[in-house]
Structures are given as structure tokens and as C-alpha cells.
1. So which GluC sites (Glu not before Pro) in region 7-70 end up in coil per DSSP with only 11 or fewer other C-beta atoms within 10 Å?
2. Helix 14-26 sits at what angle to the longest principal axis of the chain, using alpha carbons and giving 0 to 90 degrees rounded to 10?
3. Out of residues 5 or more away from Gly8 or on other chains, whose amide H comes under 5 Å of its own, with H placed 1.01 Å from N in the peptide plane?
4. About its Cα centre, how strong a charge dipole does the chain have in debye, to the nearest 20, once Lys and Arg get +1 and Asp and Glu get -1 at the Cβ?
5. Quick one: compute the contact order of the chain, relative version, from alpha carbon pairs under 8 angstrom and 6+ residues apart, as a percent.
6. How large is the Kirkwood hydrodynamic radius of the chain, in angstrom, based on all distinct alpha carbon pairs?
Amino acid sequence: MIEHAVNGFIATNAEEFVVYTERLLKDRTLAKSMGSAARETIRINFSQEAFTRRLADTLAVAQCAGRLSA
């Protein structure tokens, strides 16, 4: 879900974590744009609507599978 340098940074070690944190602290425009992108990612993937949609899809697949195996 995290897209490196789009809606967050993916650090593979402590040194990278420090570099990315400093970059965000120094560049407010980058921090704001990444924050907005991260919020949008959460809204799209983890909102109540997204959960309901995935649950309905899962139940539909399970219902179809039950019919096919009966």
C-alpha cells in the first residue's frame, strides 16, 4: 500500500529512516503532499465503504463457491 516517495517512505534500515525523517522535516511541501497522498490511500483502501465493498465481494465469491461444490 505504501508507494515509496509518493505516500510514504520505505526505510530498510535505521540510517535510511533518519534520512527520510530529516527530509520530511526540512521539506514542508513534500511532507504535506505525502501526507495528503497517505490520507487518500487510507480513504480508498481502509474506509468503511472500502471494507463493505470487499466484504460483499468476499461473500459473493463464497456463495458462488458453495453453489459450485454442492
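1. Passing sites in region 7-70 do not exist.
2. 70
3. Result for Gly8 returns Glu3.
4. Dipole size: approximately 300 debye.
5. 27
6. One over the average 1/r among Cα pairs gives 14.8 Å for the chain.
Rule-based calculations on the coordinates, nothing more; no lab input. Remember, it's a predicted structure, so these values are computed and weren't measured experimentally. For neighbour counting, all protein chains shown are included, and Cβ atoms are generated from backbone atoms with ideal geometry for every residue, glycine included.
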